[in-house]
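Q: Handing you this structure, nothing more for now.
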Amino acid sequence: RLWVLARPLSGFAETFSQYLMEVSAGGGSDQPETDPDAEAVIFVLDGSLRLTVEGQEHVLEPGGYAYLPPGCTWTAHQTGSAAARFHWLRKAYQRVEGIEAPEAFVTNERDVVPVEMPGTKGAWTTTRFVDQSDLRHDMHVNIVNFEPGGVIPFPETHVMEHGIYILEGKAMYLLNEDWVEVEEGDFLWLRAFCPQACYAGGPGPFRYLLYK
């Protein structure tokens, strides 16, 4: 089963769909993607997911991350004793003449060194799964990390829309002119140019999965 957090819809998300998936014991799909133009990211929250990509098998545990390019052949099945919970983000790939689509890859967030944001002394870092200079990628799905007291110190605006799913902790988040308390399990959609800022005021780390 899945919860539709975002999908292209008039007045809502314009570029992407995001589903929170739950696959029980013995469940899965041999043909999860039927759109040859759709690229995807899988990010595992709980349980274990057996992902086969172009015939190569991977087992994704919590923190597991997979990028699946358009036209990629893949399957996904729950494995282990507990249900597998994961995010599935989909986007119509935007092709550019002279630039090839990127290849599939599988990793885990623990194997990616977070990038410290300037001037924050490590209180604000970003786990980036794709090099920002790699123009083959037309979307990024990162993890943003704050230690208690970490802040985005000024309202930012961006040319892209965002999808934000809170993975851990609590914080105050600025959306336009309103400060909103957010916590684990909340989802935020931000249109392009929406002013945003953040203060991680909870007792523990604050982390979220970011689409842009």
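The values are calculated or read from the model by the stated rules, or taken from the named source; none is laboratory data. Computed from a predicted model, the values in this text were never measured in an experiment. Every residue, glycine among them, receives a Cβ derived from its backbone with ideal geometry; neighbour counts consider all protein chains shown. The area values use the complete protein model at the heavy-atom level, side chains included, leaving out ligands, DNA and RNA. Shrake-Rupley method; radii C 1.70, N 1.55, O 1.52, S 1.80 Å.
Q: Consider L188 carefully, then state whether it is surrounded by 15 or more Cβ atoms within 10 Å (Cβ to Cβ) and closer than 14 Å to T125 by Cα.
A: Spelling it out, it is not the case that L188 is surrounded by 15 or more Cβ atoms within 10 Å (Cβ to Cβ) and closer than 14 Å to T125 by Cα.
Conditions tested, residue by residue: (1) surrounded by 15 or more Cβ atoms within 10 Å (Cβ to Cβ); (2) in a loop (DSSP other than H, G, I, E, B); (3) among the β-branched types (V, I, T).
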{"residue": "I152", "(1), (2), (3)": "yes, no, yes"}
{"residue": "P155", "(1), (2), (3)": "no, no, no"}
{"residue": "I164", "(1), (2), (3)": "yes, no, yes"}
{"residue": "V182", "(1), (2), (3)": "yes, no, yes"}
{"residue": "A192", "(1), (2), (3)": "no, yes, no"}
{"residue": "G201", "(1), (2), (3)": "yes, yes, no"}
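Q: Only one of T125, T107 is farther than 22 Å from G169 by Cα and not in a loop (DSSP other than H, G, I, E, B); which?
A: T107
Q: A further question follows. Restricting to the stretch 71-85, name every residue that is within 25 Å of F187 (Cβ to Cβ) and either more than 17 Å from the chain's Cα centre (by Cα) or small (G, A, S) (or both).
A: Matches in the stretch 71-85: W74, A76, Q78, A82, A83, A84.
Q: Next question. Run down S48, S81 and say which single residue is open to solvent by 30 Å² or more (accessible area, probe 1.4 Å), among the small types (G, A, S) and out of contact with any Cys (no Cβ under 8 Å at 6 or more places or on another chain).
A: Residue meeting the stated conditions: S81.
Q: Scanning for something more than 15 Å from V41 (Cα to Cα), touching a residue at least 60 places away in the same chain (Cβ under 8 Å) and in a strand (DSSP E or B), does the stretch 130-144 turn up at least one residue?
A: yes
Q: What pairs come out if I take residues in the stretch 35-46 that are closer than 10 Å to C72 by Cα and pair them with residues that are part of a strand (DSSP E or B) and open to solvent by less than 10 Å² (accessible area, probe 1.4 Å) whose C-beta lies under 6 Å away, six or more apart or interchain?
A: Here the result reads A40/L68, each pair linking the stretch 35-46 to a residue that is part of a strand (DSSP E or B) and open to solvent by less than 10 Å² (accessible area, probe 1.4 Å).
Yes/no matrix, rows are residues, columns are (1) under 15 Å from the mean Cα position of the chain (by Cα); (2) on the phi < 0 side of the Ramachandran plot; (3) open to solvent by less than 20 Å² (accessible area, probe 1.4 Å):
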site	(1), (2), (3)
D37	no, yes, no
G64	yes, yes, yes
H87	yes, yes, yes
E109	yes, yes, no
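Q: Here's another thing I want to ask about it. Quick check on my filter: what residues within the stretch 66-111 are of a type in the set (S, T, Y) and either farther than 22 Å from S24 by Cβ or modelled with pLDDT under 95 (or both)? Step through it out loud before you land on a result.
A: Filtering the stretch 66-111 for residues of a type in the set (S, T, Y) gives 67, 73, 75, 79, 81, 93, 107.
Within the stretch 66-111, Y67, T73, S81, Y93, T107 meet the criteria.
Q: Residues of the stretch 13-28 being open to solvent by 40 Å² or more (accessible area, probe 1.4 Å) and in a strand (DSSP E or B), which ones?
A: Residues satisfying the conditions are E22, G28.
Q: Pairs under 9 Å by beta carbon, first residue basic (K, R) in the stretch 6-27, partner open to solvent by less than 40 Å² (accessible area, probe 1.4 Å) and in a loop (DSSP other than H, G, I, E, B), six or more apart or different chains?
A: Within 9 Å, the pairs are R7/A13.
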